[in-house]
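Data first, discussion second: the structure below is written as structure tokens.
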Amino acid sequence: MTEFIAVAEANQIPSDRGLSVSVGDRELALFNVSGRFYALDGRCPHRSGPLGEGLVENGRVYCPMHGWAFDVKTGACIDHPDKPVACFPTRVADGKVEICI
């Protein structure tokens, strides 16, 4: 059974930066790209940089530690294709962003 969990108000997520949220013991990063919301694993595979604190530009988030770029829609790493991050389904219900883990 899939379960969506509300993690943030949609209006809390800026369009130029991510938002870090915790679900259980897992850190995730939320992104708002043109009013659509995406969720990725919250840590960069390089040195565990917080992706939720990264800058977002053209559908990519840039790790604030060393600049690795990830596609927020798929989790693909642009710089190192062998190092993607997990991507999670999202939806908006009653103004809240929900993630399915």
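The values are calculated or read from the model by the stated rules, or taken from the named source; none is laboratory data. Since we're looking at a predicted model, the values are computed, not measured. Here the Cβ is made from the backbone with ideal geometry for all residues, glycine too, and neighbour counts use every protein chain on show. Ligands, DNA and RNA are stripped out before the accessible areas are found, and what is left, the full protein with its side chains, is counted by its heavy atoms. Shrake-Rupley method; radii C 1.70, N 1.55, O 1.52, S 1.80 Å.
Look at Lys73 and say whether it is open to solvent by 20 Å² or more (accessible area, probe 1.4 Å), in contact (Cβ under 8 Å) with a residue 40 or more places away in the chain, of a type outside the set (A, V, I, L, M, F, W, C) and touching a helix residue (DSSP H, G or I) at 6+ places or on another chain (Cβ under 7 Å). No.
Flag not set for His66, criterion: at pLDDT below 95, in a loop (DSSP other than H, G, I, E, B), surrounded by 15 or more Cβ atoms within 10 Å (Cβ to Cβ) and not aromatic (Phe, Trp, Tyr). Report, by residue number, each residue of segment 1-17 that is open to solvent by less than 50 Å² (accessible area, probe 1.4 Å) and either of a type in the set (Val, Ile, Thr) or farther than 13 Å from Asn32 by Cβ (or both). Scanning segment 1-17 gives Val7, Ile13.
Scanning segment 43-57 for residues that are assigned to a loop (DSSP other than H, G, I, E, B) and among the small types (Gly, Ala, Ser) yields Ser48, Gly49, Gly54. Is there a residue being at pLDDT 95 or above, open to solvent by less than 70 Å² (accessible area, probe 1.4 Å) and in contact with a helix residue (DSSP H, G or I) (Cβ under 6 Å, 6 or more places away or on another chain) anywhere in segment 49-60? No, there is no match, as no residue in segment 49-60 is at pLDDT 95 or above, open to solvent by less than 70 Å² (accessible area, probe 1.4 Å) and in contact with a helix residue (DSSP H, G or I) (Cβ under 6 Å, 6 or more places away or on another chain). Can you tell me which residue within segment 76-91, out of those that are open to solvent by less than 80 Å² (accessible area, probe 1.4 Å) and part of a strand (DSSP E or B), is nearest to Gly24 (Cα to Cα)? Once the filter is applied, the top-ranked residue is Phe88.
If you go through segment 18-43 and pick out every residue that is surrounded by 13 or more Cβ atoms within 10 Å (Cβ to Cβ) and of a type in the set (Lys, Arg), you end up with 2.
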